[in-house]
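Only one structure is covered here, and it is reproduced in the block below.
The values are calculated or read from the model by the stated rules, or taken from the named source; none is laboratory data. As the structure is a prediction and not an experimental result, all values here were calculated from the model. Virtual Cβ from ideal backbone geometry, glycine too; neighbours counted across all protein chains shown. Keep in mind that these areas ignore ligands, DNA and RNA; they rest on the heavy atoms of the full protein, side chains included. Shrake-Rupley method; radii C 1.70, N 1.55, O 1.52, S 1.80 Å.
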Amino acid sequence: MEESIRKLKELVDGSDNIVFFGGAGVSTESGIPDFRSVDGLYHQQYAYPPETILSHTFYMRRKAEFYDFYRAKMLALDAQPNAAHRKLAEWEKAGKLKAVITQNIDGLHQKAGSREVLELHGSVLRNYCEKCGKFYGVEAVAGSTGVPKCTCGGDIKPDVVLYEEGLDEDVLARAVHYIRHADMLIIGGTSLVVYPAAGLVHYYRGHKLVVINKGQVGTSLGADLVIDGPIGQVLSQV
């Protein structure tokens with residue numbers, strides 16, 4: 001591990017256009033469970049599988065049940081940024097890191113101070129009325145029961161990408177731009193099995209591809225450096 005940390009530091013020191021692409025593993029050290037690990041949501045018992053509950057179809061047909069699960073399992077409002085979030089914000093402030101591209105919906109990168117954050121799957125902190133379009137903060141959902149309602153009477157929906165829904169094309173285009181022009185791409189805390197987000201890493205054209213993840217990564221990337229470990233623990237040493 002020491003040799004890997006030394007090489008990572010060397011790569012970071014020699015870069016000024018770093019892009020970070022992260023997933024659920026970035027937030028597990030903040031106490032937010034991921035989906036696919038042994039303790040993740042997919043291994044817990046519910047009346048329906050989490051991927052079913054978090055689908056567009058389920059949301060449209062069973063909104064009250066959707067919100068029961070969503071409030072209990074998808075909102076972690078007391079969670080705080082960990083060492084990984086803080087290090088990335090530090091690199092951005094220093095001008096080394098240009099963007100964070102995240103599959104997470106928890107807003108912890110912004111909470112840590114990162115400014116250029118591309119949220120591929122949206123954010124629990126933003127919600128909107130399906131009828132009039134009015135935006136609401138997370139409190140409108142967290143503090144409600146049943147299906148949260150707008151002042152106009154419409155249903156409030158989280159601004160997150162559910163299963164069966166497409167990603168925002170503008171966010172995707174910006175992500176491709178940043179990855180394509182990066183001199184260093186760090187992939188962290190993701191098993192790279194959720195598409196189309198995972199496919200974005202193939203736009204990288206450089207020769208400093210780093211993967212930091214606890215456990216296997218779902219695709220053979222030909223990375224220049226692979227570190228198996230919790231990302232916060234790893235980045236705190238750089």
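Gain on full extension, evaluated as 0.36 nm per residue between HIS56 and HIS181 minus their Cα-Cα distance, stands at 41.6 nm. Evaluated at q = 0.13, 0.14, 0.24, 0.29 Å⁻¹, the base-10 log of the normalised Debye intensity for region 137-183, with identical point scatterers placed on the Cα atoms, takes the values -0.51, -0.57, -0.90, -1.04. Once the 1.4 Å probe is applied to the protein heavy atoms, region 146-216 comes out at 47 Å² accessible per residue. Against the compact-protein benchmark of 2.2 N^0.38 Å, the Cα-based radius of gyration of region 101-238 scales to 1.23. Farthest towards the positive end of the charge dipole of the chain, among the residues THR52, TYR136, ILE227, is the Cα of TYR136, using unit charges on the Cβ of Lys, Arg, Asp and Glu.
How many angstrom separate the Cα center of region 133-209 from the Cα center of region 57-89? The distance from the Cα centre of region 133-209 to that of region 57-89 comes to 13 Å. Here region 104-182 yields Rg over Rh of 1.04, to two decimals, using C-alpha coordinates and the Kirkwood radius. Take every pair of alpha-carbon atoms less than 8 Å apart whose residues are at least six positions apart; their mean separation over the length of region 116-156 yields a relative contact order of 35 percent. When peptides 134-146, 22-34 are sorted by average Cβ neighbour count within 10 Å, with the highest value leading, the order is 22-34, 134-146.
Its residues counted as N, region 93-132 yields a C-alpha radius of gyration over 2.2 N^0.38 Å of 1.38. Specify the angular offset, from 0 to 90 degrees and rounded to the nearest 10, of the alpha carbon long axis of helix 63-73 from the longest principal axis of the alpha carbons in the chain. With rounding to tens, the tilt is 40 degrees. By accessible area, using a 1.4 Å probe on protein heavy atoms only, region 42-149 has 50% of its surface on carbon and sulfur. For the chain, averaging the sequence separation of C-alpha pairs within contact (under 8 Å, six or more residues apart) and dividing by the residue count gives a relative contact order of 25 percent. Over the C-alpha trace of region 44-169, radius of gyration and Dmax come out as 15.9, 48 angstrom. If you look at the Cα atoms of the chain, you get an Rg and a Dmax of 18.2, 59 Å.
Across the accessible surface of region 176-238, with the other protein chains kept in place and a 1.4 Å probe, carbon and sulfur atoms take up 49 percent.
Sorting the segments 116-124, 223-231, 179-187 by their residues' average number of neighbouring beta-carbon atoms within 10 angstrom, most packed first, yields 179-187, 116-124, 223-231.
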